[in-house]
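The values are calculated or read from the model by the stated rules, or taken from the named source; none is laboratory data. Not measured: the values here are computed from a predicted model. We place every Cβ from the backbone using ideal geometry, glycine too, and count neighbours over all the protein chains shown. Quick note on the areas: whole protein, heavy atoms, side chains included, nothing else; ligands and nucleic acids left out. Shrake-Rupley method; radii C 1.70, N 1.55, O 1.52, S 1.80 Å.
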Amino acid sequence: MRRLPEDEALARLKREKASFQTHVIKEFEHAARDCRACPTKGACCTDAHFVNVHVTRLEAVAIRRTLERTPRLDSRARRAVYERARAAVARYDLRASGDTYAQTFSCPLFEPGAGCLVHRRAKPAPCIQHACYDRWEDVPPVELQWQTERRVESLNAQAYGAEWAWLPLPLWLALTDPEADGRELQRLAREWGARRASRSNSEAARRPERRTRRSLPVLKR
């Protein structure tokens, strides 16, 4: 796989997310409830029994850059985001191992009165997909989110190789905090890289030397 410079991967990620967001807004959100009329604004972002959004390392870097550049935040407000992320990691015992999707939390990117701080530039795919719909038939197909996440995963792998994993959003924010010393991220990167290298070698050992042509599966709708 050809490696991508981080800046190029971030630019492609931004285009991918913008395309997905535009499609969801145009094709589906007209049937959703207006968030501005929600009696409990931000409930879907801060419900610690519901939210389990995972992101990649590349997405965490995109969020960090968005926070750095937005005029909506001064240095104190920007630091507060990372403090909320670290508090969420501690409060909800978020970990980089085990069934991470079973871990739920309150999103540190939600700011009362402002909403999502990265809504236009670095919003995760599940958050783009989500809205309040009254009818199941109006909900965007989950395959749209999965397709976007597969492309995000590919860009991430091209930028960082095997040294990454999908993790709960607050955990990735804590790992990529500009004031973090980076030691925990380096440790995890070594662990992930070794794990995937071992898995690749194991799969190669089981693979027959002669490659056979396989037909693609038929998808029934």
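Observations on the structure shown:
- Taking max minus min of the alpha-carbon positions on each principal axis, the chain gives extents of 61, 48, 32 Å, largest first.
- Average Cα contact separation per residue, segment 26-157, under 8 Å, 6 or more apart, as relative contact order %: 38 percent
- Local electrostatic count, A189, Cβ distance below 13 Å [Lys/Arg +1, Asp/Glu -1]: +3
- Distant-in-sequence amide H partners of V55 (H built 1.01 Å from N, under 5 Å): L167, L169
- A helix-only calculation puts the chain at -16000 deg cm²/dmol for mean residue ellipticity at 222 nm, using -39500 (n - 2.57) for each DSSP H run of at least four residues, averaged over all residues.
- Normalised by the number of residues in the chain, the mean separation of alpha-carbon contacts (under 8 Å, six or more apart) gives a relative contact order of 33 percent.
- FRET efficiency estimate (nearest 0.05) - Cβ-Cβ, A90 to R196, R0 30 angstrom: 0.60
- Sequentially through segment 59-66, phi angles give Karplus couplings (6.51, -1.76, 1.60; θ = phi - 60°) of 5, 5, 5, 4, 5, 4, 5, 5 Hz, Gly and Pro residues having no value and appearing as x.
- Heavy-atom accessible surface of the chain, averaged per residue, reaches 65 Å², computed with a 1.4 Å probe.
- Counting protein heavy atoms only, segment 1-54 has 55 percent of its accessible area on carbon and sulfur, 1.4 angstrom probe.
- Per-residue Karplus couplings for segment 18-23, computed as 6.51 cos²θ - 1.76 cosθ + 1.60 with θ equal to phi - 60°, are listed in order as 4, 5, 5, 5, 4, 5 Hz, Gly and Pro entered as x.
- Rounded percent of accessible protein surface that carbon and sulfur make up, segment 112-201, 1.4 Å probe: 50 percent
- Restricting segment 72-179 to trypsin sites (Lys or Arg not before Pro) that sit in a DSSP loop and have at most 15 other Cβ atoms within 10 Å of their own Cβ leaves R72, R95, R120, R135.
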